[in-house]
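Single-structure report; data block below.
All of the numbers you see were taken from the coordinates with simple rules; none came from a lab. All values derive from a computational prediction rather than experimental measurement. Neighbour counts are summed over all protein chains in view; Cβ atoms, including those assigned to glycine, are modelled from backbone coordinates with ideal geometry.
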Amino acid sequence: MRQLLFILLLFSSYTSGAQISDSTYLCLYKESNIIFTGVLKSKYQLPGYTECTDELRMLMEFELTEIQKGKRHMKILIEVNDSTLMLNHEYLVFCNKKKIRDEKKINILHYEEVCLNCPNPGIKAVYNIVYKGLFRTIKEPLTPENLVPKGCGCHNL
């Protein structure tokens with residue numbers, strides 16, 4: 001019986017240590033310019049910057065499902081050095097924009113998979129942060145129907 005309790009205690013301490021604390025999510029929220037949940041729709045391997053490097057470069061296209069921080073978009077393209085993200089899985093992604101050599105680049109600070117039947121501690125922590133802020137809101141992504149119409153709209157008069 002003692003051995004079983006010891007094993008359970010070890011397992012619970014291991015799983016609790018694997019999760020990120022709420023204060024870490026608060027730091028990630030403050031460091032990020034863009035926070036969203038989105039489904040990974042495609043990923044492409046890009047060539048290296050030079051022929052001599054084996055640096056992995058992937059271009060990933062996310063179809064957004066929710067925007068916790070940042071401007072509204074339908075999709076976001078992000079270049080990453082990680083190929084472990086799986087197609088058609090939904091992720092919570094913390095990003096910031098950096099300007100490198102006159103080019104704006106989105107850099108992923110942290111990501112984690114979210115799903116319907118998962119505990120999703122990241123989403124819960126971000127919702128708590130957003131709902132405590134005065135002017136913060138959760139935004140829906142743009143769709144083709146709600147894009148700003150082009151032109152003056154004079155033909156409708």
Fewest-first ordering of PHE135, PHE62, PHE36 by Cβ atoms within 10 Å yields PHE135, PHE36, PHE62
The size of the Cβ-based charge dipole (Lys, Arg +1; Asp, Glu -1) of the stretch 22-135 about the Cα centre, to the nearest 20 debye, is 620 debye
So THR84 and LEU142, fully extended at 0.36 nm per residue minus their Cα-Cα distance, gain in nm 18.2 nm
Partner aspartates and glutamates whose C-alpha sits under 16 Å from that of LYS132, ignoring same-chain residues fewer than 8 away, are ASP22
